[in-house]
Structure formats: structure tokens, C-alpha cells
1. Does the range A:33-45 hold any residues that are crowded, with 16+ Cβ neighbours inside 10 Å and outside any loop (DSSP other than H, G, I, E, B), and which are they?
2. Here is a list: A:PRO288, A:PRO248. Which entry is modelled with pLDDT under 95 and buried (at least 17 other Cβ atoms within 10 Å of the Cβ)?
3. Restricting to the range A:169-224, give me the number of residues that are closer than 29 Å to A:ALA40 by Cα, basic (Lys, Arg) and not assigned by TED's automatic domain parsing to the domain that holds A:TYR297.
4. Could you pull out the residue among B:ASP166, B:ASP183, B:ASP225 that is away from chain A (no Cβ under 14 Å), of a type outside the set (Gly, Ala, Ser) and in contact with a Gly (Cβ under 6 Å, 6 or more places away or on another chain)?
5. Sort through A:SER299, A:SER292, A:SER268 and tell me the only one that's of a type in the set (Gly, Ala, Ser) and free of Cβ contacts under 8 Å to residues at least 40 places away in the same chain.
6. Provide a single number: the residues in the range B:206-222 that are in a loop (DSSP other than H, G, I, E, B) and within 10 Å of another protein chain (Cβ to nearest Cβ).
7. Listed residues A:ASP214, A:ASP210; which is among the acidic types (Asp, Glu), assigned to a helix (DSSP H, G or I) and modelled with pLDDT under 90?
8. Against the condition without any contact (Cβ under 8 Å) to a residue 12 or more places away in the chain, within 26 Å of A:GLU112 (Cα to Cα), more than 10 Å from every other protein chain (Cβ to nearest Cβ) and not in a loop (DSSP other than H, G, I, E, B), how does A:ARG60 come out, does it pass?
Amino acid sequence: MRFALTEEQDALKRQARRFLEQRSSSADVRRVMVTDAGFAAEAWAEMVQLGWTALLVPERHGGVGLGPVELAAVMEEAGASLACAPLLSTVGLATNVLLRADESHQAALLPEIAAGRLRAAVALAGEVDARPDADEVVLHGHKSFVVDGHSADLLLVVAGDGVYVVRANAEGLSRRARATLDPTRKLAELTFDSVRVPASARLCHGAAVDGALDRAKVALAAEQLGGAERCLALSVEYAKTRVQFGRPIGSFQAIKHHCADLLVLVESARSAVWWAAFLAATDDPELPLAASLARSYASEAYLQAAGQTIQIHGGMGFTWDHDAHLHLRRARGSATLLGDPSAERERLAHKLGLSS
Amino acid sequence: MKILVTAKRVPDPEQKVKLKGNELDQSATNWQLNQFDEYAVETALRLTENASAGNARDGEVVVVSIGPKDVQQQLRSTLAMGADKAILVAGEDAELDAEIVARTIQKLAERDKPDLILMGKLAADSESNDAGQRLAGYLGWPQATFAGTIEVVDGGKALLVGREVDAGIETKKVTLPAVVTVDLRIVAPHAIKNGKTAKDHAYAEGPRYASLKGIMAAKKKPIEDTTLQALGVTAQKRIKTTTLEAPPARKAGIKVQSVEELVQKLHSEAKVI
């Protein structure tokens, strides 16, 4: 079996890198992360034009009909550049959930997402009741840590035993962006105060989210891999050029060991992430295992890579001017999204029959 | 309009060049499309589409390169941008010079009869800036080099080309078929007026990024493989490399105590004032 990117996947990844180098530079990230929206509308419009929102959407719904491997390629580059864009929320999470909805919902919503007319978020953590009332459903409760929930046009809410589509302007819905450690990704608190939606707003059974979540985890792990790779590249470049005691600091064994350890971490994370993406693309029953493995490994690899990057850069590493601390914040934030590494390992152990 | 665009792969200009004996060590080279050639592809696409009507295409863009098999990667990237077809003429970089390139494109032009040949003004590696001029001479076609603007006039029978020359912009009218080499500003938002797209249309600055659809479509577009022999190119290489050496390492600078000392050193030692 050939376990490498195809020529097209490679071209797509190169193109994503090139685009993000231009539109998601360090200065762009710093400019955008302090805005209320948390993303730049112009850059997002260009990402839509490049086809990123259409990536997972089937061709019959106006998409490109690609899969998890191609998404992982884009997410890896997005992670490397700390891109502030609703990619994880709209593509990684919401599109994957919508792909599990019935055909009529898919036909109504996926073309809108593919064309960039809708940005969507998935509300997972928290409790929301879904009470049927005639031909409506009343949603009541609270959701937390909703990625891009403050700015999405559409919210896919896990409530009761189902997933419901709620428009952002629904009466009774209030949204608030939280101040979090990672300024490059916005998380929101949503309050549902007897929000009424038609019964037809039920997308799918809540259990269908699990499959979507595994795929979203692979996308997030790929983003973390990209971040870890960038930390390694920053560290190696600095170690080669920063001269101390008359020699580049990379010639000192302590720095060499750190860089070598980071390389091992990054390459192992890459194996885990690409394996998971490959299993997702082939609908392999082992995907839940691979997704948990990729997430737990990539989370820790990114955290360590970002932490070591600060150490290797010395005092400069933790100044506001250097990107190392933005990576550390992103690494910390990402590690706790959709399940932290210890929860993923527990899930893994459970699936392997290693825990009670 | 049928446009033939030339495209050369060059080593990444950001990458540090290594020497191996009397030649470049290309074992770890990152190859990319010569930037001016990418601008030429973008120009060809802008000339053959109606950007005011959903980029409806009206014309054909064929991209040609001379090089080893893996130049296909750069050709595919131009197909992903929107070009219709590519031609790869087998050849090794070390065995080519502007004379062979010009003669090869001449043969292709005589075979395929394009209305326009677009080229980058120079390649970032050799910077020789003479293939386009030679080609126009061999074909007996009008030429306009260093194009910063192009406007299609006379119902598509001629081009009004704004050339970037030392004194400013020289506007030149060339009847088609012609050879045009493009400069940096050809990818500015208002540089191309093709007679179909609204005159005030503003393109995005720079060459376009290939979309996912473009990348997937490129897979199915044809790349014709041919050789110098098959095209009947008999030209011999005229340029011979005698030696190749890296520029000397920069010496450390010196600090001066005062402006007077600086002026004195610039005058007596550097002899620049």
C-alpha cells in the first residue's frame, strides 16, 4: 500500500500553504485575533473561492466531493499559520454532522455552506432539553465552548436525543464569546431560552454525531500537527542562526537534543494523524481508535513543541512579539477541545478492552 | 484567441544555492514555476475570460515547458490555475540555452499557430532576458517586451501594450500574431483589458490561486509529451559555462566614531565620494 499524498493532494497542500503565507501571516493573525468576529471576512471569502468550504460537500450539492485526507492537508497548513478562520467549525465539525443528516437537510444546507453563504457551528458540551410541542420542538438550556458559536449563521445543537438546526437569529437564543486562553480561536456560550424550532429542524439522531466527531477530531489533530511542525521549524531556524559564545546555539548538545526530540514527536504525530485520516477516508471501523490516538498524540506533541520552542528561543520566546506564545496558547486550547488527551486515552483503552 | 505561454521551472529563489564542483548542486533543490512565467499564465487567463460573466472562457491557453519529466508538476499547477492544455518538451536544463528555447518555441508556433505567445520577461535563475526577443525575430512576428499593461484592440486583431521602459511607459501597438513578454505590473488589478470583461473590472492583485476544483480538473487535462527531435529542432547550445563560483563571503563591517571619520573613510579608502 502506498501511504503518501497523491499528486493532487500534494498540490492542494502546497497551494494552501502558499495562500496562508500570504493571507495568514503573523501580522494578519495578530490583527484578526483581537476583532470581535475573530476572522477576516475578505480572507474567508478567498478561502471559499479556493473551495475549502466545498471540500467535503458532495458534488451533487455543489461541492468538490473530497474527503478527510484532503481536509487534513488543508488543516495542517491552517494550523502551521495559526489561521483565524471558521474552518474547524464550518468544515471540520458542521459539514461532517450535516453529511449524516437526511437528504433533504443536506440538499438545503450543504450548497449554502459550500458557496460560503452560511457559516455553521456545532454546539456539543452542555445540556439543552428538546421538548416536543405540537409540530414544534422547544429547546431550553445552555451550551459552552462552542467553536465560532458567537459568529456562525447556523447552529447545529445536540439536544435531547437529536441534533437540531437553529438559525443564529432565533428568538430566545443568546450568544456570548468567552475570553479564553487562545485568542486565535473564539469559543462561545449559548443560552437557549425556550427557543422554538419546527420539528423538521431535527437533523439526525444524536448518536450520529459520534462518527462526525471522530472525523472532526482527525481534522483538529491535523491542525495540531501543522502547529507542531511550525514550532519545530521556528526552533531549528533559530538554533542555526542565533549565535552565543561565538557559535550557533544549535551546535550545543542541549539544544540539539531538544530539536531531535521535537522531530521524533512531530513525525510520530504525523503517522498517527495520516493513519486516522486514511481510515476516515475509507470508512474503516477502526476510525474511533485512530481518531483518539491521533488526538491524544497530536495534542501532546503540539504542547511539547510549543513549550520547547519557547525554551529554545530563550527570553525572546515568551515575549508578545514572537509567535511561540501564540502557538502555546493554541496548543493549550486545542488540547482541551473535543476531549483532552487523557480522556482520549481512556476512550482508547476502553475500545481496546483495557479498562473496566 | 489561442495563446501559447512559456513556463520554466527555476530553483526557489529563497533557497540557498549550493555548488558542486563547477555546477549547481540541484539534489535538494525546491523547484517552482518562474514567477514571471506565472504572471504570463495569469495574463493569458485574463485575456481569454469574461470576468464580468462568471469567468466564462473564450479562447485557449496552452502552456509549454522544456525540461525533465518532473516539470509536469509545474505544468499541472498552471492547468490547475485554468490553462487548457500543456506541452512538455523533454530536455535537461544543463543542455539548454535561449537559442534552443527560442528555436523550440518557433517550431511549436509554426505547428500550432497561436495568435499570441506570452512569456515571462526573464527567468529568475539565468536572468538572460533574450528568449522572447530571439523568438519574435525567428518568427518574423512583432514583439512587445516588458509589458505592464495589455489592451485588446481592433476587434481582437491587435494589442496595445504598455511597456515598462527606463523613461516610463511606452505604449506600442502590435498586430497579432505577436510575441509579448510580461513584467511585474501585468498582474495589477487593472492591467488587462480584453474587450469582453467590463473595462473597470478590478482583478485581485497577483496571479490567482488554484481552487480545489481547479486542482481536481487539472488531473484530467492533457499534457502532450514531445521531444526536440520530434519538433525538428536542430539548434546547438551556444552558451558554455566556463566557471561557476559563489560570491565571496561578506567581511565584517567597521564602526566609526564620527561623521567626519565616516566621510574621510568614504573619500580616502572606499573612494566613493
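1. A:MET33, A:ALA43, A:TRP44
2. Selected residue: A:PRO288, the only one of A:PRO288, A:PRO248 that is modelled with pLDDT under 95 and buried (at least 17 other Cβ atoms within 10 Å of the Cβ).
3. Looking only at that region, the number is 5.
4. From the options B:ASP166, B:ASP183, B:ASP225, the qualifying one is B:ASP183.
5. Every option except A:SER268 fails the conditions.
6. Going through the range B:206-222 one residue at a time, the tally reaches 6.
7. Checking each option against the conditions leaves just A:ASP210.
8. When the stated conditions are applied, A:ARG60 passes them.
The values are calculated or read from the model by the stated rules, or taken from the named source; none is laboratory data. These figures come from a predicted structure and were not determined experimentally. As a convention, Cβ positions derive from the backbone with ideal geometry for all residues, glycine included, and neighbour counts pool all protein chains shown.
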